[in-house]
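Reviewing the structure listed below.
The values are calculated or read from the model by the stated rules, or taken from the named source; none is laboratory data. Please read these numbers as outputs of a predicted model, since none were measured by experiment. When we count neighbours, we look across all protein chains shown, and the Cβ atoms used for this are built from the backbone with ideal geometry, even at glycine. Quick note on the areas: whole protein, heavy atoms, side chains included, nothing else; ligands and nucleic acids left out. Shrake-Rupley method; radii C 1.70, N 1.55, O 1.52, S 1.80 Å.
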Amino acid sequence: MRRKISIIGAGQTGASTAQRIVERGYADVVLTDVVEGLAEGKALDLQESAPIVGFDARVTGATTTPDGRGYEATANSDLVIITSGVPRKPGMSRDELLSINQQVITTVVQAVVQQSPHCIIIMLTNPVDAMTQLAYRVSGFSSNRVVGQAGILDTARYKTFLALELGVSFQDVDAYVLGGHGDTMVPLPDSTYVGGRPLKSLLSADRIQKIIERTRRGGEEIVSYLKTGSAFYAPSAALAEMADAILLDQKRVLPCCAYLEGQYGIRGLYVGVPVKLGASGVEEIIELPLSEDERGALHRSAEAVRALVQAMKL
Ligand code: APR
């Protein structure tokens with residue numbers, strides 16, 4: 001029997017994630033959205049690609065209500081990926097975004113958990129570190145079953161810029177970006193290797209710093225081109241990679257937003273760190289050896305996340 005993945009939010013990222021997952025073939029996908037017919041329409045279109053692309057997975061859509069009705073189609077999911085939410089609009093403060101998405105995610109998580117009490121939840125909605133902490137609290141799940149996506153995307157952006165600069169394969173850059181998703185994210189240039197060679201032996205400190213800055217503003221750079229909407233190809237690729245790691249029990253070591261209980265000197269908070277992802281979700285928090293500077297930057301990033309969590313009065 002194929003596994004079942006529900007994707008909440010059939011917008012750019014949700015629909016693109018659905019496409020990547022059904023094309024892999026190992027899981028059926030249920031897509032939902034509050035916009036009447038959006039999920040059903042995209043799911044049917046995607047299903048009709050099956051004879052051409054060559055997959056047998058089923059993809060269906062369902063309309064839900066903002067107060068949490070209509071989730072029956074998601075029942076007994078193994079994995080639920082949450083992409084529903086409102087993007088930040090011009091003139092909207094981060095606090096306003098936080099409070100709107102807090103309401104959305106609270107209702108969504110309650111409805112998801114009622115239908116799929118044994119699932120694992122992956123959170124995407126921004127501000128993702130705070131929303132993952134919210135999902136953890138609302139779900140009542142153990143922390144290994146609630147994980148957020150940010151670090152894979154941030155790391156992919158960092159690797160992309162380095163590979164383009166150095167003229168090497170995108171796959172031959174070995175690096176991690178830790179911390180919260182945002183201005184305070186923590187790329188680790190001291191532990192970045194390109195084909196086994198330390199990055200610092202290949203690029204000047206100045207060039208490395210410019211690439212780090214571009215990585216930090218990676219989301220904004222895309223928004224400035226698109227004008228409406230934000231990145232979704234790379235975010236959906238990151239979500240599909242996490243889905244593979246969990247449902248295929250790959251035990252991948254990936255940077256994810258995970259609950260720390262003292263690791264890296266941080267307690268009671270979701271922050272981006274490398275984790276082992278497998279059938280139980282977050283199976284281990286991997287503690288990398290960090291320099292003093294890197295550790296300081298990670299702590300500052302964690303404090304920025306903590307301020308958001310406190311603003312939600314959880
Ligand atoms: N339940 C289900 N779906 C919802 C709800 C809700 N309560 N509220 C909003 N949605 C849906 C919207 O109707 C929309 O189709 O979520 C979808 C979000 O899709 P997009 O606006 O296209 O955003 P996307 O680019 O996919 O990003 C999704 O990830 O990057 C973050 O912060 C960003 O919150 C955004 C999320």
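Per-residue answers, yes or no, for (1) surrounded by fewer than 18 Cβ atoms within 10 Å (Cβ to Cβ); (2) of a type in the set (F, W, Y); (3) more than 13 Å from the chain's Cα centre (by Cα):
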{"site": "R217", "(1), (2), (3)": "yes, no, yes"}
{"site": "S224", "(1), (2), (3)": "yes, no, yes"}
{"site": "F232", "(1), (2), (3)": "no, yes, no"}
{"site": "P235", "(1), (2), (3)": "no, no, no"}
{"site": "I246", "(1), (2), (3)": "no, no, yes"}
{"site": "C256", "(1), (2), (3)": "no, no, no"}
{"site": "L288", "(1), (2), (3)": "yes, no, yes"}
{"site": "E292", "(1), (2), (3)": "yes, no, yes"}
{"site": "L298", "(1), (2), (3)": "no, no, yes"}
Kindly list, by first and then second residue, each pair from a residue in the stretch 29-56 that is in contact (Cβ under 8 Å) with a residue 40 or more places away in the chain to a residue that is aromatic (F, W, Y) and within 15 Å of the ligand (Cβ to nearest atom), limited to pairs with Cβ atoms under 8 Å and residues at least 6 apart or on different chains. T32/Y71
Residue among S204, S230, S236, S224 that is of a type in the set (G, A, S), within 16 Å of the ligand (Cβ to nearest atom), more than 30 Å from K4 (Cβ to Cβ) and in the same structural domain as Y176 (by TED's automatic domain parsing): S224
Can you list the helices (runs of 4 or more DSSP H) found entirely within the stretch 139-249 that contain at least 3 residues being at pLDDT below 95 and aromatic (F, W, Y)? none
Suppose we keep only residues that are in a strand (DSSP E or B) and more than 13 Å from the ligand (Cβ to nearest atom) within the stretch 4-53. Which one would you say is farthest from Y71 (Cα to Cα)? A27
Per the filter on the stretch 86-115, residues farther than 16 Å from Q310 by Cα, within 10 Å of the ligand (Cβ to nearest atom) and not hydrophobic (A, V, I, L, M, F, W, C) are P87, R88, T107
What about G179, is it buried (at least 21 other Cβ atoms within 10 Å of the Cβ) and at positive phi? yes
When the residues of the stretch 54-65 are filtered to those that are more than 15 Å from the ligand (Cβ to nearest atom) and assigned to a strand (DSSP E or B), which remaining residue is surrounded by the most Cβ atoms within 10 Å (Cβ to Cβ)? V59
Return a yes/no flag: does the stretch 187-209 have any residue that is hydroxyl-bearing (S, T, Y) and more than 26 Å from Q263 (Cα to Cα). yes
What pairs can you find where one residue is in the stretch 124-148 and without any contact (Cβ under 8 Å) to a residue 40 or more places away in the chain, the other is within 13 Å of the ligand (Cβ to nearest atom) and open to solvent by 10 Å² or more (accessible area, probe 1.4 Å), and their Cβ atoms are less than 8 Å apart, with a gap of 6+ or different chains? V138/T106; V138/Q110
From the list L254, L269, L288, L260, which one is of a type in the set (A, V, I, L, M) and over 25 Å from I81 (Cβ atoms)? L288
